[in-house]
Every structure is written in C-alpha cells, then in structure tokens.
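For reference, the structure is listed below as structure tokens.
The values are calculated or read from the model by the stated rules, or taken from the named source; none is laboratory data. These figures come from a predicted structure and were not determined experimentally. Cβ sites come from the backbone with ideal geometry, for glycine too, and all protein chains shown count toward neighbours. What goes into the accessible areas is simple: the full protein's heavy atoms, side chains included, and nothing from ligands, DNA or RNA. Shrake-Rupley method; radii C 1.70, N 1.55, O 1.52, S 1.80 Å.
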Amino acid sequence: MKQGQGRIKRYAMVVEVKKCFNCKGCVVACRAENNVPLPISRNWIEESGIRGRYPFLGQTFEPAACNHCERPPCERVCPTGATYRTPEGIVMVDNRKCIGCKYCIQACPYQARSVNRRDKVIEKCTFCIHRLEEGRIPACVETCMGGARHFGDLNDPDSEVARLLAHKDSYVKKSEAGTRPAFYYVF
Amino acid sequence: MESFQWGWLIVVYLFLGGLGAGASFVSGLAVYLGGRDAYRNIARWGAYIAPFPVMLGSGLLIFDLFRPWNFYRLFLTLEPTSPMSIGSWLLLIFTGTSLFNAFLWLPRETKGWLLSRRRLRRWMRGLEWTWRGDNEEKLRSVLAALGLPLSAGVGLYTGILLGAIPARPFWNTPMLAQLFLFSAFSTGTAALIVLTSFTREHALTGGRDAKLLYTLDILLICLEILIIVPFILHAYLATSSIQHSLRLILGGPYTVLFWIGVVGLGLLVPLALEAYEIYPLLFKRQAHHSRALEVASGLLVLAGGLLLRYVFVFGGQMSHFDPGAAIALAGGAVALP
C-alpha cells in the first residue's frame, strides 16, 4: 500500500545492535507478559562471541525472536492453515486450527517456534498483538533499558523504525533464506 | 543440545507408509505384467498388505500430534503449498482405494462366508455387485491402474514431506523424494518376497514369482545406489549449509549407521543375496529355492529402509540453515561489524 493511501500498518522491529548489552530484560519481560513456561522462550539473545585480535576485541549481541517474515516458511508448510499472517504483517497461530504436527518448527530457519507442553500450543512471538490492540508497544521494547529496541509502522515514514532504516545500514537474519523478515538490525 | 521435534513415530510412519505404497505398486504391476493372472499370487498378497501399514502409520502420525483432537482439521482444507496437507489427502484416498482393492482380492468363499454373517449381511449385500459376473476382474484392473499413481504419490510424499524444507539442508535436496520413493517400493517388494515365500502357491509358480520380485528389487536397490552417489556429490558441491550438513554422514554422528546399516546391510548385502538367487532363474539352472535366503534378503531390505528413514529424520533435524557455521569452522577471523 502506498503511503498516505490507506491506513494499513506494516509492523517491524528494529534493533540497534551496539546498544544491546545482553541484560536479557526483554527475555524476562516477554516471559512475564506472555506467561511462557520454562524451559522455552519466545525470544533470546544471540552472542557473537569475542571477535578480533588483541587488543582490538569486541562482541555484539543480537536480540532475536520470530522474524514475522513477509514470506513465512512456517505458514507455507502449515497443513491446516492455522499459521497465518495478519494484514499488518504479524505471523500468528490460530489454535483452533492447529493440530500440533510441528511441521512449522521444522520449517522455521530461525528456530523461533517451540512447543509449549503445559498449554499444548505452539509458542512464538506475536509482537505482543494484545498490547498493540490497546495502543501499547511490545513488552520487550518497553523494557529495553539500553534503548536498543524500536518498534513501529514501516508504512509511516515518520515512525522511528522507518527513520532508522532510512538513515542507517541495516541487515536481517539469513536474508538468503528468502523469507523477508520484519525484524531488522542496524549498527 | 539438539531437540528432536520428530522422533521414532515419524520414522516408523514414513517406513510403513512407504511399505504400503510399495506393496500396492508391486501388486498393481503384477496385475498388468505377463498377461492375465501370470502373477496372481503377488497381485493378491500385495493387495492384502497394502492398506494396513499405511493405516497403522497414519495412526502413529495422529498419535505424534500434540493437539491430536484437532486432527480432523486436516480434512477441512487443502493447503496447496503444504506437502503435509496434500499428503494427508493422498493417504486418505490411498487407504480407501487400497482397502477396497484388498476386499476385491478376497476369495469367493471368504466373501460368501462374510455374506452369511448376520451382522455383516447388510454391508455385504451392498457390495455383492462387485463379484457378480466378471465385475471382479474388471474392478481389480481399474483399481490396480488407480493404485499405481496413487502409491507413487504416497511414496514420493514421504520424501517431499522432508525435502520441501529449506531450513533443513540435509533434507532440502532434489534427490530425497526419489530416494524415499525407490526405497518405499523396495521395502514393499521385500515385504512381498518374505510373505509370498510362505504361501502355498509360491512353490507352484516354479520361481516365476520370485524372478519378478527379485528383478524389481534389484532394479530398485540399484536406483537407490544411483541416487545416493549423486546425493553425496551434489551435496558436497552445493552451498555451504548443504555441504556442512553432509558431515552428518561423512564423519558425523550418523556415519556408521548410514554406511554400514543403510548402504551395507540394507542395500549391498541384499543386492548380493538377490543376485545370487536370481542367477539360476535367469539362466535356467537349478534354482536355489532357499526360503532362508529369501527371508534374509527381504528382512535386510526392510531393516535398511527403516534405518534410512531413521538417519534422515533424526540427522536432518540436526542440520540448520546456517552458512555462518561453515565460516566459523574454517577458523577465519571474522571482521567486526
């Protein structure tokens, strides 16, 4: 949809990698907000490990979760149509249709899905859709104390995420998988 | 630590699905090969055993779901992009037609006996037309013709289910579906080799049945070998994630199982045994007629088929779409972003 033409939003997460210091506040906030049982988690931090050669050392942390792909492999393989994509680009699971075949877990290149054995559901990031409906931002973004996480509407050129992507170099995870994630990283 | 989302149930299901499809395929071939009734015994036993492994396998599949009460949802929709959706419908149709075909192959006496049962009478009355006149023969031919593409579909599906996932590079090669298809037909043939060796009619055919089954199985085993070789070559020359996944069977956790179990005991040894057995049949020498050899070669093929699926189902889940892993293994210093 062209900008200004409609009201359709296109949600995206943008992480400033250099501002993440691995406090894992987002992981805790997500668990608390969405009542996710141990040992699984909807989000996690990927550590690069120490890179470089002494004394020029460094490491980066990349918070990760479901990438809410524009072409989600999990949706493609779902045999009952339980996994679907909302008009705003959020990949969701309709539990009334889900049979629990775990095919989507196999298909996800990001390993963003897991089985919640307690509630017998597929557990994955929903961009806190229940909060978005109330006009609030996702719990992980709200809690991020380094200010690394940004969330917003890519179709709104004045949004924080759109401006960050316009002005900084960005990348997505495993772009060669052809999934077109809505989860971006900027330096 | 790897966690396996799909376990033994899926391995056994893929094996049984392939076995049933293979038996149905061989049965269908036997109906059409060599003129009328030449391979009646194979056609009959193939028809008898085709539906049951598939039904048992489908049952296991439902048992493996963690929301099994929702399984009927598979049949409220057809998702053209999901191999599992297409496969479920195929399994349903296959089960229906192969059950009907098995019924058609029942001897007249058995059908008459079923008709005499009070509880079954109403059902059997409805089916009586199927053995009136030459309807029986006609229907068998029709269902055999229908069974050939259907069983090829079920056999292929077991491979495509795994092969259609780019996130699992070990599965995601164009050869997996064919490998599973030929392995499926081979296990179906092997099941018939074992089974028919115990039937009364087997000895009466003077080795003709055995010759057909051995020829088929030798052909299928050769086809499997001809897929495994390019599978490895292809994977070795493909993108780094596929190349990397190949280490599972070239120096990784499944190396011994694959090369000794699947290739050695499951393909090469039965190939040798079957070649030894078919040799006198081809050159009109005194046949071996050794049931022990027949059963041994058949069981080895069956075990090999099961192992093949074990290696692929479990091994594949250890492979990830992660070209970065290969870079890390190369030991190069990665530039800071």
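About its Cα centre, the dipole of segment B:90-214 is roughly 600 debye, where the only charges are +1 on Lys and Arg Cβ and -1 on Asp and Glu Cβ. Computed from the C-alpha gyration tensor, the three semi-axes of the ellipsoid equivalent to chain B are 39, 26, 15 Å, from longest to shortest.
Determine the dipole magnitude for segment A:103-159: charges of +1 sit on the beta-carbon of Lys and Arg, -1 on that of Asp and Glu, nothing else is charged, the reference point is the Cα centre, and the result goes in debye to the nearest 20. List each step's numbers first, then the result.
Numbers: 8 positive and 8 negative charges, 105 e Å.
Roughly 500 debye for segment A:103-159.
What you get for the protein assembly as shown, charging only the Cβ of Lys and Arg (+1) and of Asp and Glu (-1), is a dipole of about 1160 debye around the Cα centre.
Quick check on the protein assembly as shown: helices-only [θ] at 222 nm, where DSSP H runs of length 4 and up contribute -39,500 (n - 2.57) each and the sum goes over total residues. Nearest 500, please. Intermediate values should be presented prior to the final figure.
On the way: 20 runs with 263 residues, N = 524.
Helix contribution divided over all residues of the protein assembly as shown: -16000 deg cm²/dmol.
Listed by chain and number, the lysines placed with their C-alpha closer than 23 angstrom to that of A:LYS173 are A:LYS9, A:LYS18, A:LYS19, A:LYS24, A:LYS102, A:LYS124; residues fewer than eight positions away on the same chain are left out.
Quick check: net charge around A:PRO37, other residues with Cβ under 13 Å of its Cβ, Lys/Arg +1 and Asp/Glu -1?
Numbers: positive: A:ARG31, A:ARG42, A:ARG117, A:ARG118, A:LYS120; negative: A:ASP119, A:GLU123.
Result for the local shell: +3.
Taking 25 Å as the straight-line reach from the Cα of B:LYS284, the lysines in range (excluding those fewer than 8 positions away in the same chain) are B:LYS211.
Taking 0.36 nm per residue of separation and subtracting the Cα-Cα distance, full extension of the segment from B:TYR72 to B:LEU226 would add 51.5 nm.
Taking a straight line from the alpha carbon of B:LYS138, these lysines sit under 22 Å away, with near neighbours fewer than eight places off in the same chain left out: B:LYS111.
Among the cysteines of chain A, A:CYS20, A:CYS23, A:CYS30, A:CYS69, A:CYS78, A:CYS98, A:CYS101, A:CYS108, A:CYS128, A:CYS144 have no other cysteine beta carbon within less than 4.7 Å of their own.
Among B:SER197, B:SER290, B:SER24, the largest mean-square fluctuation in a Gaussian network model of chain B, built with springs joining Cα atoms closer than 10 Å, belongs to B:SER290. Which whole DSSP H helices in chain B pass both tests: a Cα extent of 15 Å or more along the axis and a mean Kyte-Doolittle value no lower than 0.5? What comes out of the filter, once short or polar helices are dropped, is B:8-32, B:51-64, B:83-104, B:135-163, B:176-196, B:208-236, B:269-282, B:291-316. With the biggest extent put first, the Cα atoms of the protein assembly as shown measure 83, 57, 40 Å across the principal axes.
Segment B:110-177 and segment B:81-95 have Cα centres lying 13 Å from one another. For the options A:LYS102, A:LYS120, A:LYS18, a Gaussian network treatment of chain A with springs between C-alpha atoms closer than 10 Å singles out A:LYS120 as fluctuating the most.
Stokes-Einstein diffusion of segment B:1-65 at 37 °C, 0.692 mPa s viscosity, Kirkwood radius from Cα pairs, rounded to a whole number: 253 µm²/s. Segment B:255-280 and segment A:108-175 have Cα centres spaced 53 Å apart. For A:THR83, the amide hydrogen comes within under 5 Å of the amide hydrogens of A:ASP94, counting only partners 5 or more places away or on other chains and with H modelled in the peptide plane. For a modelled paramagnetic label at A:ILE50, 7 Å from Cα along Cα-to-Cβ, the residues of segment A:6-38 in reach, with backbone nitrogen under 19 Å, are A:21-23. Net charge of the neighbourhood of B:LYS111, taken over other residues with C-beta under 10 Å away and scored Lys/Arg +1, Asp/Glu -1, is -2. Could you tell me how far the Cα centroid of segment B:34-64 sits from the Cα centroid of segment A:77-97, in Å? Answer, in whole Å: 36.
Take chain A with all the other protein chains still there, run a 1.4 Å probe, and you get 49 Å² of accessible area per residue.
Here segment A:1-85 is described by how far its Cα atoms reach on the three principal axes: 51, 38, 26 Å, from widest to narrowest. Residue by residue, segment B:260-266 carries 3J(HN,Hα) couplings of 7, x, 6, 6, x, 6, x Hz when phi is fed to the Karplus relation 6.51 cos²θ - 1.76 cosθ + 1.60 (θ = phi - 60°); x denotes Gly or Pro. Note on chain B: GNM, Cα springs under 10 Å; of B:PRO107, B:PRO174, B:PRO253, the largest mean-square fluctuation is that of B:PRO107. Rounded to 0.05, the FRET efficiency of the B:ARG208 and B:HIS234 pair, given R0 = 41 Å and the Cβ-Cβ distance, is 0.60.
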